[in-house]
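For reference, the structure is listed below as structure tokens.
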């Protein structure tokens, strides 16, 4: 593996990186990665794993590995109903994405995120818990809290000094430059089968950056994330979903993403996205099996990052568990509740 020359620029960039939480391109597909309240919106358990690489081809490029699991652990219907069936005889298939459900819920999850840029590494592991309540037969709201362990440090094996005989770096930072600390995040969601509004904050404890015995003037600044999306129907088979995402952190300009996803029968989607003064991206997602899906996004530099050859790749794998289905019975029951119009049968 290539090594990096430690310069003051890289050091400052690394500390800044340590203060910044990742902003995923596909957040709308797995909002629980940044919002502990966003788990359990579907009546299934979900596991996601993935990887994001920025500035591909550049030595020391940022790379993020992530994984998470979220599930509803208790669901109680009370004067509410499930909005839509997972399996429908009208515009649905065995490969359709499970839909959001409304009701009193307790939800839980676990997330793992590892960021690397040059010699700097940060790892977060958090446990999440949330409570959802119905606002009406069409809308629910949820509150969530996540708390866990974080580690930030420098991998000295990737550091090359201009003068190998100069011990100033070792004396200042030490052989093992690591910091362990406890941190928290919290969030709010409001959702229906079409709408999602997510508000969350991370790095809430505002921990000081401390490497070995050296305490710096930097802190892990709290972040604010806002995500909103709404799916419009385009006929019986297609749907259009505009997505807006904001990230705000002290001493940094607000970052925002604008995206549009075109869905086909809830089986798959293609997307076009724009990140402020950073990149333009395209992506797709598809349910390959009833319980397995994959999505991929590619971004290329725009604005100030274009000169650095900024291309990014983000891939996500999703697995769904915990919902045994008698598909024949579901289709039979669905046909009773949602009879197919005669003109539709004629067209088929």
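The values are calculated or read from the model by the stated rules, or taken from the named source; none is laboratory data. Remember, it's a predicted structure, so these values are computed and weren't measured experimentally. Note that each Cβ is placed from the backbone with ideal geometry, even for glycine, and that neighbours are counted across all protein chains shown.
List of remarks:
- Residue match in segment 83-101 (condition: touching a strand residue (DSSP E or B) at 6+ places or on another chain (Cβ under 8 Å), on the phi < 0 side of the Ramachandran plot, at pLDDT below 95 and part of a strand (DSSP E or B)): yes
- Of all residue pairs spaced 6 or more apart or on separate chains, those with beta-carbon atoms under 8 Å, a first member in segment 50-71 that is in contact (Cβ under 8 Å) with a residue 24 or more places away in the chain and at negative phi and a second member that is surrounded by fewer than 16 Cβ atoms within 10 Å (Cβ to Cβ) and in a loop (DSSP other than H, G, I, E, B) are 58/309; 59/2; 71/322.
- Residue match in segment 248-262 (condition: at pLDDT 95 or above and closer than 27 Å to residue 72 by Cβ): yes
- The one condition in (1) surrounded by 19 or more Cβ atoms within 10 Å (Cβ to Cβ); (2) modelled with pLDDT of 95 or more; (3) in contact with a helix residue (DSSP H, G or I) (Cβ under 7 Å, 6 or more places away or on another chain) that residue 183 fails to fulfil: (3)
- Each residue in segment 127-144 was checked for being closer than 20 Å to residue 180 by Cα and buried (at least 16 other Cβ atoms within 10 Å of the Cβ), and 1 of them qualify.
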